[in-house]
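The structure's right below; bear with me while I get my questions together.
The values are calculated or read from the model by the stated rules, or taken from the named source; none is laboratory data. Not measured: the values here are computed from a predicted model. Here the Cβ positions follow ideal geometry from the backbone for every residue, glycine too, while neighbour counts run over all protein chains shown.
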Amino acid sequence: MHDARVLVVDDSAAMRALFCDILEQTRNVTVVGTAASADAARGQIAELKPNVVTLDVEMPGMSGIEFLKEIMSTNPLPVVMLSGLTQSGTETSLKAYELGAVECFPKPLKATPEQFSKNVSKLGKIVLAAANSNVRDRPRHRAPVAATEAHFAWNGHIVALSTSMGGIDALTAILSHWPANCPPTVITLQAEQALADTFIARLDGELKCSVRAAKDGGQLTQGIVHVAADPGKHVVVEPGQPPRLRLVERDAIDGFRPSANLLYGTLARAGIPAVGAVLTGMGEDGAKGLKLMRDAGCHTLAQDRTSATVSEAPAAAIALGAAEQELGLEAMVGAILGHCSAS
């Protein structure tokens, strides 16, 4: 794993000092410089050669979004965008993902001491993961929504996916191919709640299938994608005709809530025909649960480590022997729908 060499770009001297303090508390993370504008940052990147940039969305002159576009088109670097979580802020964050940002992180503007302490740890881990991400090599998935054959016939298998860092991009690529009568799909997405809600609303408006936030009692039926992103609740599957989702309040599992391991484990124990896939993300969430699914006879996949924005989660699943196949996103779409097709 490479150490992170970070350039902090923010027009506020107070914010620059705050983020420098946060990042320098993280092992293997070094702040190599700061800049108050895109013009200053351009020179710092050339001189200091950071392997991660944290970039404020709103700056005088060239905005953070405009500078992100320049960076990704001329000299791609892992960029973590820093913004507020207002409605306009979440829309801007989605635009940042489209342009190639590795992650978007909320500024701790009104955080309690407890929340601030949590942010310190989380931002440090994100920046370190960004330094080891595949920004330069990963393919971009920004093609228009492609309709899958209308004759898709479902064979009763449920799809379960898990993702965190880089997940907005990966899910956009996969779900853009889901037909209107797609297999029932449940996803654990580790993302800020406000950002996840905006993402869900956008997908629901763009895709042929229905995309909604996971709710307690939600039925797993054709044509519906359920996204679980509530950081206060786990999501599990309850057997039945049709199976239902249950949201449960309990401690985080291995640091994650909702836990992919718990979701996958309930599918395995219930004996429900399913396809599971661990996509790009930090940590090892999903690996143990996916192994339970494979042992129970389910089909299991992991995103190819060279195409994943952050390969930690899929690599953990592969190392554990949990995945039958390691696939890029385009191949994964075909594999998942193939396993769920009666034809």
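What is the number of the single condition among (1) at pLDDT 65 or above; (2) under 30 Å from residue 246 (Cα atoms); (3) touching a helix residue (DSSP H, G or I) at 6+ places or on another chain (Cβ under 8 Å) that residue 148 does not meet?
(1) is the only condition that residue 148 fails.
Return the pair list, or none, for Cβ contacts closer than 9 Å from residues in the range 267-294 that are within 15 Å of residue 256 (Cα to Cα) and outside the structural domain of residue 102 (by TED's automatic domain parsing) to residues that are in a helix (DSSP H, G or I) and basic (Lys, Arg), at least 6 apart or on different chains.
Final answer for the pair search is 282/125; 283/125.
So which of 142, 212 ends up being of a type outside the set (A, V, I, L, M, F, W, C), surrounded by fewer than 17 Cβ atoms within 10 Å (Cβ to Cβ) and modelled with pLDDT of 95 or more?
Numbers: 142 fails: modelled with pLDDT of 95 or more.
After applying the criteria, what remains is 212.
Let me ask something else. Just the residues that are surrounded by fewer than 24 Cβ atoms within 10 Å (Cβ to Cβ) and not β-branched (Val, Ile, Thr), please, taken from the range 313-322.
Of the residues in the range 313-322, the ones surrounded by fewer than 24 Cβ atoms within 10 Å (Cβ to Cβ) are 315-316, 318-321.
Result: 315, 316, 319, 320, 321.
Could you figure out which of (1) part of a helix (DSSP H, G or I); (2) surrounded by fewer than 17 Cβ atoms within 10 Å (Cβ to Cβ); (3) modelled with pLDDT of 90 or more isn't true of residue 61?
(1)
If residue 80 satisfies every condition in (1) modelled with pLDDT of 95 or more; (2) part of a helix (DSSP H, G or I) but one, which is the exception?
Every listed condition holds for residue 80 apart from (2).
Out of all the residues in the range 14-35, is one or more of a type in the set (Gly, Ala, Ser), surrounded by fewer than 19 Cβ atoms within 10 Å (Cβ to Cβ) and under 18 Å from residue 105 (Cα atoms)?
Checked the range 14-35: at least one residue is of a type in the set (Gly, Ala, Ser), surrounded by fewer than 19 Cβ atoms within 10 Å (Cβ to Cβ) and under 18 Å from residue 105 (Cα atoms).
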